[in-house]
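Colleague: First the structure, which I've put down as structure tokens, then a few questions once you've had a look.
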Amino acid sequence: MRAMAGRGRPKRTKAQVAQARVARKTPSVAEDIVWEIVRGGRLGFKFKREVPIGPYRLDFYCAEAKVCLEMDGEQHDAARDAVRDQYLEKLGIVTFRIPNIEFFELEPGAPYGNHIEELIRLCEERSGRFRF
């Protein structure tokens, strides 16, 4: 295993950082919409996007709550995702997944939709504080 960076996570390589930068500039439609919802602490928790951790890149990550938010498109493989989720769990990070198709079917009048409300509750529970 690679050397650990401070705070108990694997050290990031220059290549991983470069890939994350490219991914931040070319988000999927769903990622772009979700970023507008979670950016700047709008949910009461700070999220970063395209965060490299170990051999993986997280779509969105809240370090305070150790919550990874993944927008799952059609390309996601359940077996591969399970291995990835296990790796993150060993680092104390829980993964919250929203299938892209379900995200686009959210109730139009809901300010965040059920998935985003669940995400907020998860962050509150794991951080030990309320969002606002």
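Colleague: Taking only pairs six or more apart or across chains, which ones have beta-carbon atoms under 8 Å, a first residue in segment 85-109 that is farther than 17 Å from residue 57 by Cβ, and a second residue that is modelled with pLDDT of 95 or more and aromatic (Phe, Trp, Tyr)?
Modeller: From residues that are farther than 17 Å from residue 57 by Cβ, there are no pairs.
Colleague: Just name the residue that is farthest from residue 28 (Cα to Cα) out of those in segment 110-127 that are at pLDDT below 80, open to solvent by less than 70 Å² (accessible area, probe 1.4 Å) and not aromatic (Phe, Trp, Tyr).
Modeller: So, considering only residues that are at pLDDT below 80, open to solvent by less than 70 Å² (accessible area, probe 1.4 Å) and not aromatic (Phe, Trp, Tyr), the one farthest from residue 28 (Cα to Cα) is 110.
Colleague: Counting only residues that are touching a residue at least 40 places away in the same chain (Cβ under 8 Å) and β-branched (Val, Ile, Thr), which one in segment 39-82 is surrounded by the fewest Cβ atoms within 10 Å (Cβ to Cβ)?
Modeller: So the residue we want is 53.
The values are calculated or read from the model by the stated rules, or taken from the named source; none is laboratory data. What you are looking at is a predicted structure, and each value in this text was computed from that prediction instead of being measured. Don't worry about glycine lacking a Cβ; one is built from the backbone with ideal geometry, like all the others, and counts go over all protein chains shown. Just so you know, the surface numbers come from the protein's heavy atoms only, side chains and all, with ligands and any DNA or RNA stripped out. Shrake-Rupley method; radii C 1.70, N 1.55, O 1.52, S 1.80 Å.
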